[in-house]
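Peer 1: First, the structure itself, so that you have it in front of you.
Derivation of every value follows stated rules applied to the coordinates shown; laboratory data play no part. Quantities reported herein were computed from a predicted structural model and do not represent experimental measurements. Using ideal geometry, Cβ is built from the backbone for each residue, glycine included, and neighbour counts are taken over all protein chains shown.
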Amino acid sequence: MRQNKLFQATSFRLALLYAGLLAASVLVLFGLTYWFATDYAAQDETNEIAVEAASIQDEARLRGDAELPGIIENHMRLRKDVRAVYLLEDANGRKITGNVDAVPPVLGPTILDRDLDGQKRQLRAYGYRMANGQFLLVGQDTATLRQMKALIVRAFSVGLVVTVLLAVLGTVIVGTTVLARLESVTRTARAIMSGDFSQRAPVRGANDEFDELAISMNAMLDRIEDLMRSMRQVSNDIAHDLRTPLTRLRQRLEHAKRRATSVEELHEALTHSIAQVDSILETFGALLRIAQIEAGGRTGMKMAVDVSKLLSGIAEDFAPAAEDQGQRLVADIDPQLRAEADPELLTQMVVNLIENAIRHSPPGAKIWVQAKSVGDGLELAVSDTGPGIPLQEREKVLRPFYRLEASRTTQGSGLGLSLVAAIAKRHDAKLSLSDNAPGLRVAVVLPAAA
């Protein structure tokens, strides 16, 4: 089965195609090498023959045509080791001297099959007509060229076989390696499909594309697991926190149905019920808004926002509300601060922080809205002198519906800081809760606008 998978794998087929292209490249290289090498060797033989013939003719002109047979015999003795070919015939085609039998005179280049040194050989030769009418043939055995051709063919045959074997071996290795890596990812995916969300794709530390794929896949799985865990938590919190107000609403309506004796009592019961329903709808609206932000849907486009102007306007709008609670709202905002953000979400985040500070701080408390540059970004913060949040509870209050015991008697759904956390995450911002000594300080560090 694994062999079938190997042969069906795209990586194996691509590697096999590459092996075929490599073998074809070797064949093309062999053809070009064979052609250029043999052509060069043949031309070299022709040039050597021409030089030898010119040497004989020069000596004949110096010593006279009568000395030509002796000149040729002397050359035969000197070049016997290279199997040189010499033939001199008279004007009637009769052999005068030479080491091959007489041939019909042919001027220019020619290829002959003649006995030389007792063996049948292929000869490359060139025919000349001398001034006295005699025919001179000069040439040499082509054995060297034939041996070179055979050597080239053998070398490239062995090279081709080795190349194909190595290419096939490399194809199998590459296909098997890629298949093994992909199977590990597939096993992880199947385990997760079976319900084991703790599984992760293995990372070997090679920093290759498979490691990048595994890292990206694991990050995606971490994100999915976080969302599912959050969904389960939210579902449990909804069931727990909304059961009580819905039960109270039903009891109120049931009580009004059974015991109300006048229109005024019914009207009062309906008024309280409507207020209860509005509170529940507000909670569901906040939950929907958090879900939309975390999913990245129905949010505005990020743009360069004048944070200084935005925060100053929000602080000015909420100053009267703080005064009504006997509190004082102070703005400490550096000028000309800009960030790349969704202005609607940024406004909602700051409004939630200020409303939380006003709601949970006693009369006489002081609330600050601050903004300043920090490194490559900017920090906006809302702090108060209220009761604060214990250190061990600060991470928990960012969860939906989580409320401190001291806050359960105050109005609210426990979703304010959850919404703030979702907006901060949407902006790749760093959210932190710290002690304001006394009180709470909530800070958000946003990337500065480019």
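Peer 1: If each residue's Cβ is checked for other Cβ atoms within 10 Å, how do Thr271, Thr171 rank with the fewest at the top?
Peer 2: Neighbour counts put them in this order, fewest first: Thr271, Thr171.
Peer 1: Would you list Leu378, Leu398, Leu151 from fewest to most Cβ contacts within 10 Å?
Peer 2: Ranking Leu378, Leu398, Leu151 by Cβ neighbours within 10 Å, fewest first, gives Leu151, Leu398, Leu378.
Peer 1: Among Ser361, Ser312, Ser262, what is the fewest-to-most ranking by other Cβ atoms within 10 Å?
Peer 2: Ser262, Ser312, Ser361
Peer 1: Once you have a ≥ b ≥ c as the square roots of the Cα gyration tensor eigenvalues for segment 85-239, tell me rounded if a/c is under 1.5, and otherwise prolate or oblate according to whether a/b is larger than b/c.
Peer 2: prolate
Peer 1: Lys120: which lysines have alpha carbons under 24 Å from its alpha carbon, excluding same-chain residues fewer than 8 sequence positions away?
Peer 2: Within the straight-line limit of under 24 Å, Lys120 reaches these lysines: Lys80, Lys95, Lys149.
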